[in-house]
Amino acid sequence: MKKTFLAFASAALFIGSASAQNFEKLFYKDQVKESDDITVSVDNAVSTAGETKFKLKITNKTNDYILYKPTESSFNIEGKDLKPSEKMAIIKPNGSDVIIVNLKGSGYNKVKNYSFVIDGLYRVAADGKTIEAENFKLPASQNEFKAGAFTCDLSNLVKTSGKTEAKFKCSYNGDNVGIIHYNRPAVKMPDGKEYANEKKPGLLESKNKDIIIMKGGEETLTLLWEKMEGGKAMDMQKVPMEVIWHATFTEAPAVKMKSETLNFEFDEALTTAKNK
């Protein structure tokens with residue numbers, strides 16, 4: 001009888017231990033990796049029956065742009081290489097960005113350990129090769145102009161006494177990465193003086209400060225000048241104006257960076273606490 005009870009107790013303990021491992025969600029330890037150019041940190045890594053995901057933060061320690069193409073990275077889960085599908089991220093000089101990496105699948109809440117190779121990191125010089133552009137007259141004699149692999153079209157122009165706003169649709173078809181610098185265009189007025197572009201980037205654009213264009217892409221560049229001192233001689237509705245580009249357009253190659261491997265480790269204490 002005693003032996004039967006011990007056998008039953010042992011079986012119950014085994015069953016209880018096994019069922020304790022059938023967590024609805026598995027959580028993993030946070031981690032940080034650092035190199036001369038970037039710092040990579042991961043937190044909130046979790047797996048469920050239908051997905052595994054984590055928050056990936058990339059901090060750019062350089063004065064250049066860093067592009068991250070997640071589709072070039074890969075999960076290694078139980079011997080299988082799987083690709084994420086997140087969109088490209090642009091990390092501004094000395095800035096950071098957060099990407100939620102999410103892989104759909106099945107049975108991931110049974111996988112205690114896996115690895116993720118961060119590939120697809122590229123460094124792009126913020127001040128690359130300058131592409132010269134001819135001065136652009138306002139009002140325009142023609143709407144389109146080319147500067148190397150850039151093509152820009154004046155899509156809208158507002159020219160009043162107290163305000164001039166010019167919107168250009170610009171595309172890039174080169175083999176490198178195109179950059180349009182917001183703070184470089186100026187307008188030359190009849191007094192011979194130049195006035196800087198007053199238009200500030202919008203909320204989304206300000207993340208990058210400049211406009212980054214990949215091959216085949218198109219972006220909008222908006223230039224703005226408001227009322228200037230000088231009376232009729234500076235009446236923007238009546239006087240000719242000329243945009244001076246001042247190295248607004250540059251391009252640089254995307255130089256591939258070294259890949260980094262993240263090893264995800266099961267956090268038993270956190271998982272137990274979170275599944276209560």
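Derivation of every value follows stated rules applied to the coordinates shown; laboratory data play no part. Keep in mind the model is a prediction, meaning the values are calculated, not measured. Note: ideal-geometry Cβ built from the backbone for every residue, glycine included; neighbour counts use all protein chains shown.
Near the amide H of Lys199, within less than 5 Å, lie the amide hydrogens of Leu224, all on another chain or at least 5 residues away, with H placed in the peptide plane. Computed over all pairs of different Cα atoms, the Kirkwood value for the hydrodynamic radius of region 190-276 is 19.0 Å. In order along region 81-90, the phi-based Karplus estimate (6.51 cos²θ - 1.76 cosθ + 1.60, θ = phi - 60°) of 3J(HN,Hα) comes to 8, 10, 9, x, 10, 5, 6, 4, 10, 10 Hz; Gly and Pro are listed as x. Around the Cα centre of region 129-252, unit charges on the Cβ atoms of Lys, Arg, Asp and Glu (plus for the first two, minus for the last two) sum to a dipole of about 260 debye. Remark: relative contact order (the chain) = 21 percent; criterion is Cα-Cα distance under 8 angstrom and separation of 6 or more residues.
Counted residue by residue at 0.36 nm each, then reduced by the alpha carbon distance between them, the extension gain from Asp81 to Lys274 reaches 66.6 nm.
Please get the size of the charge dipole for the chain, origin at its Cα centre, with Cβ charges of +1 on Lys and Arg and -1 on Asp and Glu, quoted in debye to the nearest 20. Can you show the working numbers first?
Details: 40 positive and 37 negative charges, 194 e Å.
Roughly 940 debye for the chain.
Sequence-ordered 3J(HN,Hα) estimates for region 212-224 from the Karplus curve with 6.51, -1.76 and 1.60 and θ = phi - 60° stand at 9, 10, 8, 4, x, x, 9, 9, 9, 10, 10, 10, 9 Hz, glycine and proline given as x. Every helix of 4 or more DSSP H residues in the chain counts as -39500 (n - 2.57), and over all residues that averages to -3000 deg cm²/dmol at 222 nm.
A compact globular protein would have a Cα radius of gyration near 2.2 N^0.38 Å; the ratio found for the chain is 1.50. Highest mobility in the GNM of the chain, judged by mean-square fluctuation with C-alpha springs under 10 Å and restricted to Glu78, Glu251, Glu198, is found for Glu78. For the residue pairs Lys25/Lys55; Lys83/Lys169; Lys55/Lys92; Lys87/Lys163, the C-alpha atoms sit more than 27 angstrom apart in Lys83/Lys169; Lys87/Lys163. Between amide H atoms placed 1.01 Å from N, distances below 5 Å from Val243 occur with Phe136, Lys137, Leu138, Lys188, all of them 5 or more places distant or on a separate chain. For Gly174, nonlocal amide neighbours, meaning residues 5 or more places apart or on other chains whose placed amide H falls under 5 Å from its own, are Gly216.
Applying a DSSP loop filter and a limit of 16 other Cβ atoms within 10 Å to the trypsin sites (Lys or Arg not before Pro) in region 50-96 leaves Lys61, Lys87. Once the Cα atoms are used to define both axes, helix 2-20 deviates from the longest principal axis of the chain by about 10 degrees.
Here the spin labels are modelled as points 7 Å beyond Cα on the Cα-Cβ line, and at Glu24 and Thr160 they lie 5.8 nm apart. 3J(HN,Hα) couplings calculated from phi for region 128-138 with the Karplus curve 6.51 cos²θ - 1.76 cosθ + 1.60 (θ = phi - 60°) are, in sequence order, x, 6, 6, 9, 5, 10, 5, 4, 10, 7, 10 Hz; Gly and Pro show x.
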